[in-house]
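Working notes, beginning with the structure itself.
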Amino acid sequence: MRILNAILLSTALALPVTGAALADVPPPVISVTGEGTVQAVPDMATLSLGVTTQGATAAEALAENTAALQKVVDRLKAAGIAPRDLQTTNLSINPTWSSYDSSSSQTITGYTASNVLTVRIRALDGLGAVLDAAVGDGANTLNGLTFGLSEPRPAQDAARKAATTDARARAELLAEAAGVKLGRILSISEGASFADPAPMYKAADAVAAPVPVEAGEIGMNAAVTITFEIVQ
């Protein structure tokens, strides 16, 4: 009798342990990443331009640079660019060295001053005229022009929705091919959202007035990863 009771007690204690062990086994899952792209027409542009000057001394180079850049800034403001859309992003003064000769050491022959502005242009219909005016007033450094959206959130959200729909469609396709069904969603995570590279304006193109510029479209991209439980 004691032996029988010991066997029953041992069996009763073992059952919960076995159930808990089974509960710890993770369910089979399927994880997919969906992608979504939404095209949007840009409504603003960001321009990097500046003035580079040379002088016999650092003070002379800087003074000439300051005068030239002030003309550019004045013209930009007259064209409707608000002060909040003008920002100095680089200011430098560097010595200009003579050519190296094995028989002599290099010497400083002058100085080069450079001042670069980042300009936001919100009225794209006047972009070409602004570019031409800036170059005409002394801007001799143009590092490029990119297009963007002043309010990117609506396009980003549309791309996120498209990516989520794409992720579910991919999961359903894979589940059907594998002969299983999708269960509940276990996790949703978002990847980085970004915009396709926009057309770039180069200084070498500054040959006509006004400068012809085409904004085109910007593709807002999003990626969403969803993990589904698999129902056998």
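Enclosing the Cα atoms of the range 129-169 in their convex hull gives a volume equal to 94 cubic angstrom per residue. When only alpha carbons are used to place a centre, the range 94-147 and the range 28-48 end up 34 Å from one another. Computed from label points 7 Å out along Cα-Cβ, the spacing between T66 and D132 is 3.3 nm.
Extents of the range 42-145, taken as max minus min of Cα coordinates on every principal axis and listed largest first, are 58, 24, 21 Å.
Estimated from the Cβ-Cβ distance and a Förster radius of 35 angstrom, the FRET efficiency linking T118 and V180 is about 0.05. Extension gain, R168 to E151: 0.36 nm times the residue separation minus the Cα-Cα distance gives 3.3 nm. The percentage of C-alpha pairs in the range 39-78 whose separation is greater than 13 Å is 64%.
No lab work stands behind these numbers, since they all come straight from the coordinates. Predicted, not measured: the structure shown is a model, and the values here were computed from it. When we count neighbours, we look across all protein chains shown, and the Cβ atoms used for this are built from the backbone with ideal geometry, even at glycine.
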